[in-house]
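So the structure is just underneath, and the comments pick up after that.
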Amino acid sequence: MNIFPKIVFCLFLTGVFYSCKRSSTPTKGSLVGDYEEDLSAVRLTYEKKPDIDSREGKVIRDNTYNVVKDEIPLNDNKKVDKALDSMSVHNKNIRYAAGYRIQVYVGNERKEVDDAKSYIYQNFPDLNTYLSFSQPTYRLKAGDFTSRMDAERFYSAIRQRYSMAMIVPERIDIRKSMQMR
């Protein structure tokens, strides 16, 4: 029976256990007393506003503070302005977004779809109407709503006249939706 592999294995385990052991045990005072670093150079300092207005002698109850130092450097402001300008240009180029419309009429009768369209124009002049025809079906949709809640305001009134009306998700024109407000 060879005992050499067992001894090597035991030595290996002993080495693993000792390598995981802490090198020193901290004492109660060593954690607090040994650390010394001056952070006053990076701390913000605040100066309290005066509580009395010197012109009229009235007491001001505003307890806000003014930052005295560590203001944002001017070159950082330029970087932020440049980023905001590029985002603004990008947002101006976006024309369509996901939104909702109210599907007022679906059917085969041209006269009925024209009546529905005139009803929307007369009662809801702010809503844009969209008529599509896929033979033999006419579809009339109204509005450019960015949220379903905006569409719900008009939906209940339209549903009283057209019971088949429903809110449908659709790609909307953002500029037209902003004109509605």
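Observations on the structure shown:
- FRET efficiency, 1/(1 + (r/R0)^6) with R0 25 Å, evaluated for Ala98 and Gln135 via beta carbons: 0.35
- Between Arg159 and Glu112, the modelled label-to-label distance comes to 2.0 nm, taking each label 7 Å out from Cα in the direction of the beta carbon.
- The range 96-179: Cα Rg divided by the 2.2 N^0.38 Å rule of thumb: 1.02
- Taking other C-beta atoms within 10 angstrom as a stand-in for reagent exposure, Lys117, Lys79 fall in the order Lys79, Lys117, fewest first.
Read the figures in this text as sums done on the coordinates, not as results from a lab. Being a predicted model, the structure only gives us computed values, none of them experimental. All Cβ positions, glycine included, derive from the backbone under ideal geometry; neighbour counts span all protein chains shown.
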